[in-house]
Structures are given as C-alpha cells and as structure tokens.
Amino acid sequence: MDFNLIEQNIFFIGFFALAALVVWVCLDIFRLLRKEKKEYSLQKYFAANELFLRISEDFKKQLEKLIGKEIEKNIGEFKNEFQKTSEEIIKSYKSQFESGNQEIQRVLSEFSQQITKETSNLSKFTLDTQNKISEEAKNKILELNQAAEKEFIKIQETNLKVSTQISQSIRETLTKKVQEIEKEIDNYKKERFKEIDRKIYQMLGEVAKKTLGKAIDLSTHEKLVIEALEKAKKEIF
Amino acid sequence: MEKVFEDLVKKIRTKEELIFFLEEIGQKKIEKDEKISELEKKLWSLPEIRLEIAFSPDDDFLNRVSQWLEKELGKKIILDLTINPRVVAGAIIEYQGNWRDFSLAKKIDKLISEKTLYGKF
C-alpha cells in the first residue's frame, strides 16, 4: 500500500515536470516568433530608410519548417530522455523499496526478537518489581502495623489517662457534692434540733412556770413581789 | 372632812376596795352633797400602781405593800392588783406610764431563749 502511494507520487511529479517542460518549450517558441516579428519590423524600418533586406516566401517557409522540425526533434529527445529518466528513477525507487522491504523485514525480525527479549526482560522485571513491591508492601504493612500498634497503645494510654482524669474529676465532684449534701444535712439537722430544742425549752418553760408557780410557797411569793417593788423603786419611782 | 378622807384612805388599799366603797355609797343612796362629791373626787384622784402577781395576797401582805409604798413614795398609793398565774412569781409593775416586768416568767423565758440560742441548757 505504501509503495503504491510512492509510485503515484512519482508519477505525478513526472507528469508535472513534463507539463512544465512543454510550457517552457511553448514559451520558447513564442519568444522566437516575437524575435522574428521584431526583425521583420526592423526590416520594415530599414526598408523605410532604404536599408531593407528582402527574404523570399519559400525561404521563410523552409525556415519555419526547419524550426518546426527542430522543435519536434527537441521535444522528442526530451520526451525520450524524460521517459528514460523516469523509468530509471522508478527502477531505482523500486530497488530501493525492495531493499527497504528486506531491511524492514530484517528490522521487524530483529524487532520481534527484541520484543521477545524485551518482553522476557519485562516479565522478569515485572516479576522482580512485583516481588520487590510485595516485599516493600509487606515491610510497609509491618511498619504500619507496628505504628498502628504504637498508636493504639498510645491511644489506650491516653484513654486510660483521660478516663482516670474523668474518674478523678467525677470522684472529686461527687465528693464535693456529698460534702455539700452532708453539710446541708448537718445544717438541716442543726435547724431541726434547734427547732426541737426551742419547742422543748418552750415546753420546759411552760412546765417550769406551772410547776414553779405552784411549788413556790406564799412567803416566797411575797418576798419576790417585795423584791420586784424594790427594783421598781430604783427604776421607775 | 379631811379626817374622814384620811381614815378612808387608811382603810382603802386596793382599787377594788376603792370601787367597792364608791359603789357602796351609791347603793346606800347617801345624799350626794358637795363634800361627798369632793371626797369621791379626791379618792379617784389618788395615784395608782398596777401590780400583776401570781398569787392571791392576804390582808397582811396588802397592808405591808401599801405601807411600804406610802413610805417609799411619800404618799398614799392605790394598788390595782391583777392575779395572773403566768407571772409564776414576782410582779409586773406599772406606775405613771412606766412598765417593768420583774416576774419569774420573764426570767424563765429569757433563760430558755438564751439556751435555745446557744443550744445549751
């Protein structure tokens, strides 16, 4: 497929070169014709000035024929040369392509061998790498396990510490609360005891008043009234 | 008249007796002349001392107290007695707007309040 494309390219290049040659030949003819015309006008000029050189029609025709033949000959030669050159080029390219094909086959063969070798090497390298990675992974896992274990121990220690702190804090809080409650109970007890004492004393007082009032004999009553009057004398009389 | 008044005053020791005497005069319809009215007025104007005591005093004690007051104050004082057992002993005395509690009940109350306050008996 690649060779066909190259051949096609060569053909197009040859075709364009041939076309360019034809164009160039045409232009050359055209230039020659213009030159002849110019010479003819010069002849006219010379004729006007009495220096005109006359050319016969036959000579002119023979000259044109000669020129045409020459041109055709040149074109034919060029054509042949071009064809020959093209063939040589194509042949050269073909041989080159053939040798290139052989070279490619050789390279492919080498490449195939190389690939096999490289594949083998790659397999070996992959296996080695796999083993290495596996080993490293094992080591890493081991390291990670150790690190995790350390972290776990650390966390456990921290937790233990924190739980100890919390426990201590709770114990302190509870102790404080218990102390507060005990204090409150003590205060309550004291208040209650005071209240009970007050009631008892009131009762005792009432009892004392009643019993004393009855127990005290008349002379003592009289004596106490006189003493009260004595005091009143000092204070209000 | 003065002598009658003095005799009456010697006999009257308490307000009760004074009221009783004045009521007697009123019940016997003794004609009220100026002298009697003057006597009543004088009797009512006698200074009083209010005594609140825990027992019923006998005459002897009333005499002693009346005489003691007359001696100490230099004038006749009518005793306005109230018997109140809650006084226990001693007396609560009021004289010319001054009031003092010299009763044993007060001492007991004070003692109890002190003991209650300090929690000891």
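Each residue in the range B:74-89 was checked for being more than 7 Å from chain A (Cβ to nearest Cβ) and part of a helix (DSSP H, G or I), and 1 of them qualify.
Filtered by the rule that a residue be crowded, with 16+ Cβ neighbours inside 10 Å and within 19 Å of B:ILE12 (Cβ to Cβ), the range B:81-116 gives B:LEU81, B:TYR95.
Of the set (1) modelled with pLDDT of 75 or more; (2) surrounded by 10 or more Cβ atoms within 10 Å (Cβ to Cβ), all apply to A:TYR93 but (1). Quick test for you: out of A:GLU191, A:GLU206, A:GLU172, A:GLU135, pick the one residue that is of a type in the set (Asp, Glu), modelled with pLDDT of 90 or more and surrounded by 10 or more Cβ atoms within 10 Å (Cβ to Cβ). After ruling out the rest, the residue left standing is A:GLU172.
Between B:LYS110, B:LYS71, the distinction of being in a helix (DSSP H, G or I), farther than 23 Å from B:GLU6 by Cβ and within 11 Å of another protein chain (Cβ to nearest Cβ) belongs to B:LYS110 only. Has the range B:90-107 got at least one residue that is assigned to a strand (DSSP E or B), free of Cβ contacts under 8 Å to residues at least 12 places away in the same chain and within 7 Å of chain A (Cβ to nearest Cβ)? Taking every residue of the range B:90-107 in turn, at least one turns out to be assigned to a strand (DSSP E or B), free of Cβ contacts under 8 Å to residues at least 12 places away in the same chain and within 7 Å of chain A (Cβ to nearest Cβ). Taken over the range A:177-235, the criterion of being over 15 Å from B:LYS106 (Cβ atoms), in a helix (DSSP H, G or I), at the interface with another protein chain (Cβ under 10 Å from one of its Cβ atoms) and acidic (Asp, Glu) is satisfied by A:GLU195, A:ASP197, A:GLU222, A:GLU230.
In the condition set (1) more than 7 Å from chain A (Cβ to nearest Cβ); (2) at pLDDT below 90; (3) assigned to a helix (DSSP H, G or I), B:LYS120 is compliant with all but (3).
The values are calculated or read from the model by the stated rules, or taken from the named source; none is laboratory data. Nothing here was measured: the structure is a model prediction, and the numbers come from that model. Note: ideal-geometry Cβ built from the backbone for every residue, glycine included; neighbour counts use all protein chains shown.
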